[in-house]
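Take a look at the structure set out below.
The values are calculated or read from the model by the stated rules, or taken from the named source; none is laboratory data. All values reported here derive from a predicted model rather than from experimental measurement. Ideal geometry is used to build each Cβ from the backbone, glycine not excepted, and the neighbour counts take in all protein chains shown.
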Amino acid sequence: MAKKVMIMDTILRDAHQSHAATRMRTEQMLPVLDALDEVGYYSLEGWGGATFDTCMRFLNEDPWERLRTLRKHLKKTPIQMLLRGQNLLGYRNYADDLVDKLVEKCFENGIGVIRVFDALNDPRNLEASMKAIRKYGDELHATDPTRGICEAAISYTSGPVYTMEYFVNLAKTYESMGADNICIKDMANLLLPFDAYELVKAMKAALRPETKLHLHTHNTTGTGDMVNLMAIMAGVDIVDTALSPLGNGTSQPATEPLVATLKGTEYDTGIDLEKLIPIAAHFKKVAAELEKEGSLNPKVRQVDVNTLIYQVPGGMLSNLMNQLKKAGKEDKLQEVLAEVPNVRRDCGYPPLVTPSSQIVGTQAVMNVVMGERYKMVTKETRDLFAGKYGRVPMPINEEVAEKVLKGEPRITHRPADDLEPEYEKLKAEVIAKGYYTQEEDVLSYASFPEVAENFFKWRKARDKGVDVDQAKTGVYPV
Ligand code: CO
């Protein structure tokens, strides 16, 4: 039986986040949005925490305005976004009322599919956001069946507790919590092709037939195309690719080769390669512009096999090396790499993704450099042991916990249960500062307070006819 494979193109989000520090501007997207809408993608990824931040911080753009512009042109193709569970678009836990409001506004401004994940794979950290996605998504879905979709993502990682059973059980949990799609999110390109085959087979067998399985990987270590192909042969429904000018390397595997590979097979994407040519030509120019302004370093296109060798994500490895360099202990890399699994075991085997990868990595460096384990600990390590990020998959090492926490209390409940409602309070702050123009401003302010305030200041100056360049001085360092 023919099984059409669907594609989400990441060209408007992860592709330029991975290659060019998220610096693509709305005006660089505009010329081809109508053409992108005609391709026949499952969705186009166009929004997330980093695009939100960068819009205001570096590009003088209102991220909400960008979203509305995208939606105006993408009439048929749903816009997909990435949400960090209870951390929303930022880096702290938000109260449930803010989670509800943000999800409502995302759908209202044009999002069709929300991919939501938690770094620790703690389902409790997705409870509030998935509930809100169902609430507002169902309304939208009733008027447009391609929109209002809840996609729960599993942070893929490797390690002794991360068995097939662990991933399948988690997928079933998310499905029972109301996910339409399940995503395997392999942000570090740790997933290997034959493992991808087994994992997809097992998940497809365990999930409901109507639940779509979506795979997200990168091509950092050079295995991305093979991972996608093996997943497709095992029955995955949707894979992520990026148009070739911003594809491969640290970004997603390129779109065109996969479309060509599947053409005429039982997995045909139905996408016409000819339609992609002029769009790719446009993004080739954009990539050149980004390279010229210094946002894109051509090195990101190369294959980096370090992850395959050291079993830690690329970003984490370069962090370790930087920290050792600063401490003048570059010769200690092998010791630190040997310490990483020990620290990870002590704190209950968190997935090695942001932020736990940085927390574990930094602690491993400290343990080695200080010559005594946990003599020095960061606040983040303490919070991880205290349960403030959520539940880790395995029990933590009690002896180490005692040394790290020094009597600080541990929580076992959902971290956001400790938070008071905050939307009205933040709204009052934005109004008092004189920046309020829309409810969305409160959400921008909640996500990145200083960045948003600087942006509001600039916006106010622009709207009042003050010289924009003057208004920018001292506000934007870039
Ligand atoms: Co990614």
Which of the residues that make up the range 212-226 are within 13 Å of the ligand (Cβ to nearest atom) and among the hydrophobic types (A, V, I, L, M, F, W, C)?
-> Leu215
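Identify all residues within the range 370-391 that are among the aliphatic types (A, V, I, L, M) and either in contact with a Phe, Trp or Tyr (Cβ under 7 Å, 6 or more places away or on another chain) or crowded, with 19+ Cβ neighbours inside 10 Å (or both); write none if there are none. Before you say what the answer is, go through the steps one by one.
Within the range 370-391, the subset among the aliphatic types (A, V, I, L, M) is 370, 376-377, 384, 386.
Result: Val377, Leu384.
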Which of the residues that make up the range 236-282 are small (Gly, Ala, Ser) and within 17 Å of Val303 (Cβ to Cβ)?
-> Ala242, Ser244, Gly247, Gly249, Ser251, Ala254
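I'd like to know if the range 35-45 contains one or more residues that are touching a residue at least 12 places away in the same chain (Cβ under 8 Å), within 15 Å of the ligand (Cβ to nearest atom) and closer than 30 Å to Glu453 by Cβ.
At the first step, the residues of the range 35-45 found to be touching a residue at least 12 places away in the same chain (Cβ under 8 Å) are 35-45.
From what's left, within 15 Å of the ligand (Cβ to nearest atom): 43-45.
After this cut, where a residue has to be closer than 30 Å to Glu453 by Cβ as well, the list is 45.
Yes, the range 35-45 has at least one match.
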Quick one: which helices (runs of 4 or more DSSP H) sit completely within the range 26-135 and have at least 2 residues that are under 13 Å from Leu443 (Cβ atoms)?
-> 49-57, 63-73, 96-109
Read through the list (1) surrounded by fewer than 20 Cβ atoms within 10 Å (Cβ to Cβ); (2) over 24 Å from Leu126 (Cβ atoms), then give the number of the only condition that Asp62 fails.
-> (1)
Exactly one condition in (1) farther than 23 Å from Ile238 by Cβ; (2) small (Gly, Ala, Ser); (3) at pLDDT 95 or above is not met by Gly40; state its number.
-> (1)
Residues located in the range 58-92, provided they are polar (S, T, N, Q) and over 16 Å from the mean Cα position of the chain (by Cα) | Asn60, Thr69, Thr77
Determine if the range 21-34 includes at least one residue that is within 13 Å of the ligand (Cβ to nearest atom) and not hydrophobic (A, V, I, L, M, F, W, C).
-> yes
Taking the condition of a type outside the set (Lys, Arg) and more than 19 Å from Asp118 (Cβ to Cβ), does Tyr374 pass?
-> yes
For the range 83-134 the number of residues that are closer than 15 Å to Asp180 by Cα and either touching a residue at least 40 places away in the same chain (Cβ under 8 Å) or away from the ligand (no atom under 16 Å from the Cβ) (or both) is 12
